[in-house]
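The values are calculated or read from the model by the stated rules, or taken from the named source; none is laboratory data. Since we're looking at a predicted model, the values are computed, not measured. All Cβ positions, even for glycine, are placed from backbone atoms using ideal geometry, and neighbour counts span all protein chains on display. Just so you know, the surface numbers come from the protein's heavy atoms only, side chains and all, with ligands and any DNA or RNA stripped out. Shrake-Rupley method; radii C 1.70, N 1.55, O 1.52, S 1.80 Å.
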Amino acid sequence: MKVLILGGTSEASALASVLAERAIPALFSYAGRVAAPKPQPLPTRIGGFGGVAGLAAFLAEQRITHLVDATHPFAQQISHNAVAAANGLGIAHIALTRPPWLPQAGDRWHRVGDIAAAVDALAGPQQRILLAIGRQQLAAFAAKPQHEYLLRLVDAPEAPLPLPDCRVILDRGPFTVEGDLALLQAHGIERLVCKNSGGDGAMAKLTAARQLGLPVTMIERPVTPQGHEVHSLPAVLRWLGHEADRGV
Ligand code: 3Y8
Ligand code: NAP
C-alpha cells in the first residue's frame, strides 16, 4: 500500500499524522498557494501536477495504490482531476470532506450560491465587512467599493489589492471564538462574508457572529463530483483496512 494525500485542510493534516504514526507508506501534496505551508510528518511535494495527465503520471511513477482527496470543498478542479486520474488508472480513490455548516438558532445567514451572488447581495449602503474568503477571489468585490472591507489573508499581498477601502490582517487558522470575537469587536464589523467550508478550523467566526447578532452572507459550496466520499478519519482508515489498529 502507498497513499497520496491531497492536502490543504485540517482533516488532511490529521490523516497525515495518523498514517505517519502507523508508518503507513504515504506522501502529502500541497498546491503551493501559500508561502510557508504547515509542515507535515510525511514526505511532502508542493505545486500543481499539470492537470489530470500530470496527476496520473505522478500516481503511476510513485506507485500510489490509494488516493485520498482531502482538499477543501471549494477546491473543485483538483477534486475533479483526482477522480479522473484515479479512474483512468483503476486505483482506489476516496474523498475526505466535511459536511457544510447549517444555520443554528440565533444565526442571521443570507445564503447565496456563489461569489457573484455574494457581491450582488452587498448592494446596500456602506458597511464594515469582514471578507473571510482568502485572497483568490477578492477582485469580484471591487464591484461594491462602497464598503469598508477587512480582509483576513494567510500571506501579505504581493500586488495592490483590488478594493479601494480595505485593511488586511494576516492570520492562518484554525481560529478560536475568543480570537474572532475580539477581531469582530475591535474592527466594528457589521457583516461577515464567508464560504460554507464546513469543519472546525474556520467555524469560530460564525459562533462569534451569532453571539454578536451579526448578519452573515454565506456562500454555499459548489457541487463537485467527489466519487466515493466520507466525512471522517475513521472512515478513511477503515477504507485503507487500518481500522483494526488503535482507536482514532
Ligand atoms: C495552502 C496550508 C491545517 C489546515 C488549516 C480548514 C482550516 C485553517 C480556514 C477565514 C477563512 C480560507 C483559506 C482557510 C482555512 C484551515 C486550513 C483553512 C479559510 C491553509 C494552507 C493553504 C491554504 C490555502 C488557502 C487559500 C484560501 C483558503 C484562507 C497550511 C493555511 C479563506 C478558505 O493566500 C492564498 O492564496 C490563500 C488561498 C486557498 C482561499 C482563497 O481562495 O484564497 N486556504 N490554507 C494549501 C496548498 O497550498 O495546497 O499552511 O496549512 C490551510 C487551511 N486553511 O492543517 O491546519 O481545514 O479549512 N483557508 C475558506 O474556508 O473560506 C480562512 O479567514 O475565516
Ligand atoms: P483548485 O482550484 O481545485 O485547483 C487548482 C489547481 O491547483 C489544480 O488543478 C492543481 O493544479 C492545483 N492543486 C490544487 N490542490 C492541490 C494539491 N493539494 N496538491 C497539488 N496540486 C494542487 O484548488 P484551490 O481552491 O486553489 O486550492 C488549493 C489548495 O488550497 C488545496 O490544497 C486546497 O485544499 C487548499 N484550500 C483551498 C481553499 C479554497 O477556498 N479554495 C480553502 C482552504 C484550503 P494542476 O492542475 O497543475 O495539477
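Laid out as a table, the results:
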{"read-out": "Leading residue by the ranking (nearest to ligand 1 (Cβ to nearest atom)) among those in the range 126-136 that are farther than 23 Å from residue 10 by Cβ and open to solvent by 40 Å² or more (accessible area, probe 1.4 Å)", "value": "128"}
{"read-out": "Which numbered condition residue 97 misses (of (1) open to solvent by less than 30 Å² (accessible area, probe 1.4 Å); (2) within 23 Å of residue 195 (Cα to Cα); (3) touching a Leu at 6+ places or on another chain (Cβ under 7 Å); (4) not basic (Lys, Arg))", "value": "(3)"}
{"read-out": "Any chance residue 77 is surrounded by fewer than 18 Cβ atoms within 10 Å (Cβ to Cβ), within 12 Å of ligand 2 (Cβ to nearest atom) and without any contact (Cβ under 8 Å) to a residue 60 or more places away in the chain", "value": "yes"}
{"read-out": "Unique match (being open to solvent by 50 Å² or more (accessible area, probe 1.4 Å) and within 14 Å of ligand 1 (Cβ to nearest atom)) among 123, 139, 143, 118", "value": "139"}
{"read-out": "Residue in the range 26-47 that is farther than 18 Å from residue 221 by Cβ, β-branched (Val, Ile, Thr) and more than 15 Å from ligand 2 (Cβ to nearest atom) present", "value": "no"}
{"read-out": "In the range 54-74, residue nearest to ligand 2 (Cβ to nearest atom) [restricted to those that are in contact (Cβ under 8 Å) with a residue 24 or more places away in the chain and among the charged types (D, E, K, R)]", "value": "69"}
{"read-out": "Verdict on residue 179 being touching a Ser or Thr at 6+ places or on another chain (Cβ under 9 Å) and at negative phi", "value": "no"}
{"read-out": "Subset of the range 12-39 that is open to solvent by less than 30 Å² (accessible area, probe 1.4 Å) and more than 8 Å from ligand 1 (Cβ to nearest atom) - its residue that is farthest from the chain's Cα centre (by Cα)", "value": "24"}
{"read-out": "Spans of strands (runs of 3 or more DSSP E) in the range 152-226 with at least 3 residues among the aliphatic types (A, V, I, L, M) and away from ligand 2 (no atom under 15 Å from the Cβ)", "value": "166-170"}
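Matching residues to (1) under 21 Å from residue 12 (Cα atoms); (2) surrounded by 16 or more Cβ atoms within 10 Å (Cβ to Cβ):
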| site | (1), (2) |
| --- | --- |
| 178 | no, no |
| 181 | no, yes |
| 187 | no, no |
| 191 | no, yes |
| 196 | yes, yes |
| 210 | no, yes |
| 237 | yes, yes |
